[in-house]
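For reference, the structure discussed in these notes is given below.
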Amino acid sequence: MNGIRYSPFLRIAAVLLCVGMICAGLAVLEKRANVVWDLTPDMLTELSEGTLQTLGGLEETVSIHLVFKSETESTLRWMLETLASSYARNGQVAVDVIDPVTEPGRIRGYAESGRSLAEGSVIVANADESRFVVIPAGELYAYQMAPDGSYAITGLSAEQKMTSAIRTVTGGERKQVWFLTGHDEAGLENCSYLASRLSDDNYQLGETTLLSGQMQPGDVLLMLSPARDLTQEEADALHLFLQNGGRLLLACDASLDMSAMPHIADIAGRLSFAEGIVVEDERETGSWMNSPLYLMPTLNRESTALGGMQEGRRVILPGARAIAGPEIPLSGYTYEALLSTSSGAYRCPLESDTIARTPDMPTGTQQLAVAVSHYEESTDAESRMVLMGSLYTLVDNSLMKSTYNLDLSASLIAYLAQRETETHVPVRALNDHSLPAFTAQQSWRILAVTLFLPVLSALAGAVILIRRKKK
């Protein structure tokens, strides 16, 4: 049986089509010369849940302006254009490129914000351009300091920054978070991981004292392990702040002597920080890590404060103290345990020579974090408080990178700020799943060889075809 025979014209057309496809692919490589071409399809085209949630709630068109010269070709431009196109596909987002050389007038208006508008910057603006956020190019990556003092890029934070900017320009309230000072507590400089996370989540940060008059109803105040008690005047100011709808996160570790700080101990309405350090039952191996003092508490994911925490997210609290009470809740107050130990845990005095359990040590489920809310009828305002018996989810420490401690604190602060329904946008990991593009010289060599082979094959086929016809 004779096979299907194609005319010489179809054969030549097929060869030319293959050559054309190869040339097109090489042209893409040539365009990306000296860059890394990412082949992971979900890196920039698949937006995170937090971004999709934000885009789904937009009621007006948002503009994303990329600042690049028309002739600039770079990895950063390609990534930003790909990411911005993903925003446009999933929401009311318009994307364009502003050339700072040919369109200086457009750049000038945004430069009044005081932020650098170097090439590679991103501008996010609302529909009428009355509100905008400038994201400098240097802030589009996440960095980590190396032992030699240099910084290495660890991830791409462009989506995180752009989504935060969209929330800002579309009227999303930028909540204020204050770090209390004046009592030898941990301040803003001790919480760089937390501060960076909160800034990325569109919070405004600052330090304050209770008598400064800066705090407003709805602001969140962080009181992190104060070593000295409040004065009566400060205690009255804090009470007034909470009465008017203020929000407070008070964290104290096991080393503090709460009996010497009666004003601080009296804050949360019949809740108190119990003395001693919490030790887990060694038979509860799933509730501690490496040591019974390194607690892995149970998270109450049915609570409003921790509803966004996913299953399997490990939190580790070393050196924690328990929160006792209330045996008789105060009228109008709502209490909700957020973190708790197993029923076999116990409280060991700090002065004890051993952490072995003795009959006099209080035993049973220990609360490690509790949320308290109170509606004040006289001011028609709701106050919210979270008491936590550990600092290791808030202050800088090695656990921040190996656990979800930071996510826990972000969830608690979102609850206090009444933003618990907003989903965090994570930094994208820059995995080594990439194809290095060729230099211009290498590309021309490959182009020449690739074109030569099909042409040589076509000529050989033509010669064979001609010889067959002559026979």
Taking region 71-115 and keeping only residues that are free of Cβ contacts under 8 Å to residues at least 24 places away in the same chain, within 18 Å of VAL169 (Cα to Cα) and loosely packed, with under 13 Cβ neighbours inside 10 Å, one is left with GLY109, GLU112, SER113, GLY114
Going through region 193-214 in order, the residues found to be more than 16 Å from SER157 (Cα to Cα), open to solvent by less than 30 Å² (accessible area, probe 1.4 Å) and touching a Leu at 6+ places or on another chain (Cβ under 7 Å) are THR208, LEU210
Among PHE68, PHE132, the single one that is surrounded by 14 or more Cβ atoms within 10 Å (Cβ to Cβ) and free of Cβ contacts under 8 Å to residues at least 40 places away in the same chain is PHE132
Output for Cβ contacts, cut-off 6 Å, separation at least six or different chains, first residue without any contact (Cβ under 8 Å) to a residue 40 or more places away in the chain in region 338-367, second surrounded by 15 or more Cβ atoms within 10 Å (Cβ to Cβ) and small (Gly, Ala, Ser), reads THR365/SER340
Across region 61-73, the tally of residues that are among the charged types (D, E, K, R) and modelled with pLDDT of 90 or more stands at 2
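So, THR285, is that one out of contact with any helix residue (DSSP H, G or I) (no Cβ under 8 Å at 6 or more places or on another chain) and open to solvent by less than 20 Å² (accessible area, probe 1.4 Å) or not?
no
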Only one of LEU26, LEU76, LEU47 is at pLDDT below 90, in a loop (DSSP other than H, G, I, E, B) and not small (Gly, Ala, Ser), namely LEU47
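So is PHE241 touching a Cys at 6+ places or on another chain (Cβ under 8 Å) and of a type in the set (Phe, Trp, Tyr) or not?
no
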Only one of (1) open to solvent by less than 20 Å² (accessible area, probe 1.4 Å); (2) at negative phi; (3) outside any helix (DSSP H, G or I) does not apply to GLY245, and that is (2)
Reported set for region 229-255 where residues are closer than 22 Å to SER409 by Cα and in contact (Cβ under 8 Å) with a residue 40 or more places away in the chain is LEU242, GLY245, GLY246, ARG247, LEU248, LEU249, LEU250, ALA251, CYS252, ASP253, ALA254, SER255
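Yes/no per residue for (1) part of a loop (DSSP other than H, G, I, E, B); (2) among the β-branched types (Val, Ile, Thr):
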| position | (1), (2) |
| --- | --- |
| TYR294 | no, no |
| GLU302 | yes, no |
| GLY307 | yes, no |
| GLY312 | yes, no |
| ILE328 | yes, yes |
| TYR335 | no, no |
| SER343 | yes, no |
Note on ARG347: of the conditions (1) in a strand (DSSP E or B); (2) open to solvent by 70 Å² or more (accessible area, probe 1.4 Å), unmet is (2)
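The values are calculated or read from the model by the stated rules, or taken from the named source; none is laboratory data. Keep in mind that this is a model prediction, so the values were computed, not measured. Here Cβ is always computed from backbone atoms with ideal geometry, including for glycine, and neighbour counts include all displayed protein chains. Areas reflect the complete protein model, heavy atoms only, side chains present, ligands, DNA and RNA absent. Shrake-Rupley method; radii C 1.70, N 1.55, O 1.52, S 1.80 Å.
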